[in-house]
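I have placed the structure first, in the form of structure tokens, so that the comments after it can refer back to it.
The values are calculated or read from the model by the stated rules, or taken from the named source; none is laboratory data. Everything quoted here is computed from the prediction, not taken from an experiment. In this analysis, Cβ positions are derived from the backbone assuming ideal geometry, glycine residues included, and neighbour counts consider all displayed protein chains. Only protein heavy atoms, including side chains, enter the accessible area calculation; ligands, DNA and RNA are left aside. Shrake-Rupley method; radii C 1.70, N 1.55, O 1.52, S 1.80 Å.
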Amino acid sequence: MDKVIKDMPNADGPLNPLKEFTAARIGIGRTGTSIPTKQSLAFKLAHAHARDAVYSRLSIDLLSENIKQFNLPVIVLHSKAGDRAEYLQRPDLGRKLKKSSVNQLKEHASDYDVSIIIADGLSASAINENVIGLLHALIPLFMAAKLKLAPICFVEQGRVAVSDKIAHLLSAKLSIILIGERPGLSSADSIGAYLTYDPKPGLTDESRNCISNIRPQGLPFKPAAEKIFYLVQEAFRMRLSGVGLKDNQGLIGH
Amino acid sequence: MSYQTTIGGKVCRFDDLKTLLAKASPFRTGDALAGLCAESYEERVAAQIALADVSLKVFLTELVIPYESDEVTRLIVDNHNVAAFSLISHLTVGELRDWLLMDETTTSTVKSIEAGLTPEMVAAVSKIMRNQDLIAVAKKCEVVTKFRNTIGLKGHFATRLQPNHPTDDPKGVAASIIEGLLYGSGDACIGINPATDSPSHVMSLLRMIDQLRQQFDIPIQSCVLSHITTTLELINKNKEAPVDLCFQSIGGSELTNTSFGISLALIEEAYLATLSLNRGTIGENVMYFETGQGSALSANAHHGVDQQTCEARAYAIARKFKPLLVNSVVGFIGPEYLYDGKQIIRAALEDHFCAKLLGLPMGVDVCYTNHAEADQDDMDNLMTLLGVAGCNFIMGIPGSDDIMLNYQSTSFHDALYLRKVLGLKAAPEFEAWLTKQGIVDAKGQLTSTNQVDLYNHFGSLWIK
């Protein structure tokens, strides 16, 4: 028998010229009617990165060490979701605080302007990689505006609405939660920032403003911080957040 | 009314029909999240045993969501066909399962009871069926719809070409469309999920596809999946608007639909407006609906009804408007509703079965998100099962990676795999076009040499 034909499918495929118009996985070629080996494994690798991000943990020691530079106390909290499996199946538990965490916060209550909360969400690695860079751009803006900042809170197994309870217990006028977004195949390191004026338990999404895709290859730290700061100023001026807080300077959104 | 069965001397009671249906559901996280699922493996099977003995007539009197407070219930009750039901009115849920599986029960006999079935009856019987039962019965059903081509014929299998782009860039969308067409994708429709819902944006995408279709005389239809009010506005402002299909997501309770910003009256208005454009060449199926288990719970609008029964109720809305396409976006909603590959596969087979039995042209978006316990192997399993079950269509997405919606579905390659291993063909009119263009050969296989030439043919004419 002759050797099998080593028919190398053109890895980029004949449709390669179309690739300049989109990041979609076009022009990947075919072997028979199937996706060639190289492209098939590249897809699996992207999915593996996304899966690893979902199961990543906050590097709280390292992050806390880095946060010392801002001269703000750090509080580490936990939601009622015990582990990742429970977190994924019970979003309601990720929105609530563990009892010991509630007690911890009561000791720190004071009249703050802004409470910054950092949660793993669906990608702790997004926080591990990008939150310090974002804080670097953001906190000086708050300091310059003489806003009184609450201790920085970390939340493990947290969802966005956990920020309502935390900021309410701290007696903060406004909360900002920086949270790892659901990883996509092209990026697993996006942070979302959700801002709520007069935070208290029971609020829903229409009470918040969101800035998403914060990462160096998405919305970079400096413009992200400027957008957040703009929204914070507007929220204090108008005494509200959410659907009533519009983007009058073209600063929000894409 | 309460229901009960006795297991080893122990009486298992269920307070009402909706509780019985919920407890009889194969386990999924959404029902657990809603606090509706069975407490134990035994209780689940006990509920299934009790459910199997419930007469189908009961479903006409014990309504899971009250008639007075829900327009979907009113639609189900008011449109129920007593004559068609009389053929099966003497059966219990368990007897209906046995009857559906009988060799004597053919495609035409199943069709004859279609209008006599309610979504709740269909949901109930699905709960006592294994996956293979769901496949075997769905395969008996044939639901054919037409606009510019014919979808749903036995032995055929279509795809919705889904060329999404994060900013709706027309060239980016066009690049994915060209590639898809050259892979034989798009007979169900070319359907774009727009990143923004602005009418002018939607219109420019519609015009682009329409231009392509006319230039190359392709027997397909297009759809931009904007909110129904956006589509309606486009039609009302311009009777020449190239709107082939009118899209909307629908749910199984009035409250769910309120959360989507729609009502039955609004759908009716949009349906009539789209029909008035008279753009179909061989048929008048102009609606495209999407559904998915968990939407009612997500909108806090489930009334204590399990997510699969809520899903089946949405099909009552779909069938009123004679759609060209319906699909369950089964794995998009996330792991708090369908946790893993097993739950996604089960839900998809249920949705396909229930919709087909109710006479709908059902396709499935075979998909998952990155926080679900699922991967491409699960999708391979599911699409193969759906191909065997006679599913009308799946999605065709470049490399199965939707870069706008950030989830994974099926690729152009996947559909070709399925057509090959199961001996299925594209919609006949589209297949003829593919052959004429030299994209496929006489056997329906993708030609190996023509792609570069074809790319030049399409690309140079159109994209630059």
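As a summary of the residue check, residue B:423 satisfies the conditions (1) touching a residue at least 24 places away in the same chain (Cβ under 8 Å); (2) within 14 Å of chain A (Cβ to nearest Cβ); (3) buried (at least 24 other Cβ atoms within 10 Å of the Cβ); (4) among the small types (Gly, Ala, Ser) except for the one numbered (3). Just to be sure before I move on: is residue B:416 under 21 Å from the mean Cα position of the chain (by Cα) and modelled with pLDDT of 90 or more in the structure I sent? Yes: the conditions hold for residue B:416.
Considering only residues of the range A:102-160 that are over 13 Å from the mean Cα position of the chain (by Cα) and basic (Lys, Arg), which is farthest from residue A:82 (Cα to Cα)? My answer is A:146.
Out of all the residues in the range B:427-440, which are within 13 Å of another protein chain (Cβ to nearest Cβ) and either part of a loop (DSSP other than H, G, I, E, B) or without any contact (Cβ under 8 Å) to a residue 40 or more places away in the chain (or both)?
From the range B:427-440, those within 13 Å of another protein chain (Cβ to nearest Cβ) are B:439-440; that's our starting set.
Once the filter is applied, which keeps residues that are within 13 Å of another protein chain (Cβ to nearest Cβ) and either part of a loop (DSSP other than H, G, I, E, B) or without any contact (Cβ under 8 Å) to a residue 40 or more places away in the chain (or both), the range B:427-440 yields only B:439.
Which count do you get for residues in the range B:267-276 that are touching a helix residue (DSSP H, G or I) at 6+ places or on another chain (Cβ under 7 Å) and open to solvent by 30 Å² or more (accessible area, probe 1.4 Å)?
Here is the first cut: in the range B:267-276, the residues touching a helix residue (DSSP H, G or I) at 6+ places or on another chain (Cβ under 7 Å) are B:267, B:269-270, B:273-274.
Going one step further and asking which of them are open to solvent by 30 Å² or more (accessible area, probe 1.4 Å), we end up with B:269.
Matching residues across the range B:267-276 total 1.
Among the residues of the range B:157-178, not a single one is outside the structural domain of residue B:94 (by TED's automatic domain parsing), surrounded by fewer than 18 Cβ atoms within 10 Å (Cβ to Cβ), among the small types (Gly, Ala, Ser) and in contact (Cβ under 8 Å) with a residue 60 or more places away in the chain.
Here is a yes/no grid of residues against (1) within 14 Å of another protein chain (Cβ to nearest Cβ); (2) of a type in the set (Phe, Trp, Tyr); (3) more than 15 Å from residue A:170 (Cα to Cα):
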{"residue": "A:75", "(1), (2), (3)": "no, no, no"}
{"residue": "A:79", "(1), (2), (3)": "no, no, yes"}
{"residue": "A:84", "(1), (2), (3)": "yes, no, yes"}
{"residue": "A:92", "(1), (2), (3)": "yes, no, yes"}
{"residue": "A:95", "(1), (2), (3)": "yes, no, yes"}
{"residue": "A:104", "(1), (2), (3)": "no, no, no"}
{"residue": "A:107", "(1), (2), (3)": "no, no, no"}
{"residue": "A:112", "(1), (2), (3)": "no, yes, no"}
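May I ask you to verify whether residue B:389 is touching a Pro at 6+ places or on another chain (Cβ under 6 Å) and either of a type outside the set (Lys, Arg) or not assigned by TED's automatic domain parsing to the domain that holds residue B:105 (or both)? Taking the combined requirement at face value, the residue does not satisfy it. Of everything in the range B:137-174 that is of a type in the set (D, E, K, R) and in contact with a Phe, Trp or Tyr (Cβ under 7 Å, 6 or more places away or on another chain), the residue that is nearest to the other protein chains (Cβ to nearest Cβ) is B:171. Scanning the range B:16-40 for residues that are open to solvent by less than 30 Å² (accessible area, probe 1.4 Å) and over 25 Å from the mean Cα position of the chain (by Cα), we see that the one that is nearest to residue B:128 (Cα to Cα) is B:20. Taking the range B:389-405 as the search range and keeping residues that are more than 9 Å from chain A (Cβ to nearest Cβ) and of a type outside the set (A, V, I, L, M), which one is surrounded by the fewest Cβ atoms within 10 Å (Cβ to Cβ)? Only one residue tops the list, namely B:390.
Screening the range B:220-260 for residues that are assigned to a helix (DSSP H, G or I) and acidic (Asp, Glu) and picking the one that is surrounded by the fewest Cβ atoms within 10 Å (Cβ to Cβ) gives B:233.
Hey, which of the helices (runs of 4 or more DSSP H) in the range A:96-212, taking only ones fully inside, have at least 3 residues that are more than 30 Å from residue B:400 (Cβ to Cβ) and without any contact (Cβ under 8 Å) to a residue 24 or more places away in the chain?
Values: elements: A:99-106, A:124-144, A:162-170.
In the range A:96-212, the matching helices (runs of 4 or more DSSP H) lie at A:99-106, A:124-144.
Residue-level check: of (1) surrounded by fewer than 18 Cβ atoms within 10 Å (Cβ to Cβ); (2) touching a residue at least 24 places away in the same chain (Cβ under 8 Å); (3) not basic (Lys, Arg), residue A:70 misses just (1). Residues that are in contact with a helix residue (DSSP H, G or I) (Cβ under 6 Å, 6 or more places away or on another chain) and open to solvent by 50 Å² or more (accessible area, probe 1.4 Å) were ranked within the range A:198-220; the one that is farthest from residue B:407 (Cα to Cα) is A:200. Annotation: of all residues in the range B:175-219 being in a loop (DSSP other than H, G, I, E, B), within 27 Å of residue B:444 (Cβ to Cβ) and of a type in the set (Asp, Glu), the one that is nearest to the other protein chains (Cβ to nearest Cβ) is B:187. Close Cβ contacts (under 7 Å, 6 or more residues apart or on different chains) running from residues in the range B:375-400 that are without any contact (Cβ under 8 Å) to a residue 40 or more places away in the chain to residues that are in a helix (DSSP H, G or I) and of a type in the set (Asp, Glu) comprise B:383/B:414; B:400/B:414.
Please pick out the residue among B:153, B:100 that is at pLDDT 95 or above, closer than 19 Å to residue B:390 by Cα and in the same structural domain as residue B:288 (by TED's automatic domain parsing). Give the steps one after another, and end with the answer.
Details: B:100 fails: in the same structural domain as residue B:288 (by TED's automatic domain parsing).
Only one candidate qualifies: B:153.
Going residue by residue through the range A:37-55, is there one that turns out to be in contact with a helix residue (DSSP H, G or I) (Cβ under 8 Å, 6 or more places away or on another chain), surrounded by 18 or more Cβ atoms within 10 Å (Cβ to Cβ), more than 9 Å from every other protein chain (Cβ to nearest Cβ) and modelled with pLDDT of 95 or more? So far as the range A:37-55 goes, no, none of its residues is in contact with a helix residue (DSSP H, G or I) (Cβ under 8 Å, 6 or more places away or on another chain), surrounded by 18 or more Cβ atoms within 10 Å (Cβ to Cβ), more than 9 Å from every other protein chain (Cβ to nearest Cβ) and modelled with pLDDT of 95 or more. Residue B:372 satisfies every condition listed in (1) surrounded by 24 or more Cβ atoms within 10 Å (Cβ to Cβ); (2) under 17 Å from the mean Cα position of the chain (by Cα) except (2). Going residue by residue through the range B:1-15, is there one that turns out to be surrounded by 14 or more Cβ atoms within 10 Å (Cβ to Cβ), touching a residue at least 60 places away in the same chain (Cβ under 8 Å) and more than 14 Å from chain A (Cβ to nearest Cβ)? Scanning the range B:1-15, I find no residue that is surrounded by 14 or more Cβ atoms within 10 Å (Cβ to Cβ), touching a residue at least 60 places away in the same chain (Cβ under 8 Å) and more than 14 Å from chain A (Cβ to nearest Cβ), so the answer is no. Criterion applied to B:300, B:327 was being in the same structural domain as residue B:186 (by TED's automatic domain parsing) and surrounded by fewer than 24 Cβ atoms within 10 Å (Cβ to Cβ), and the one residue passing it is B:300.
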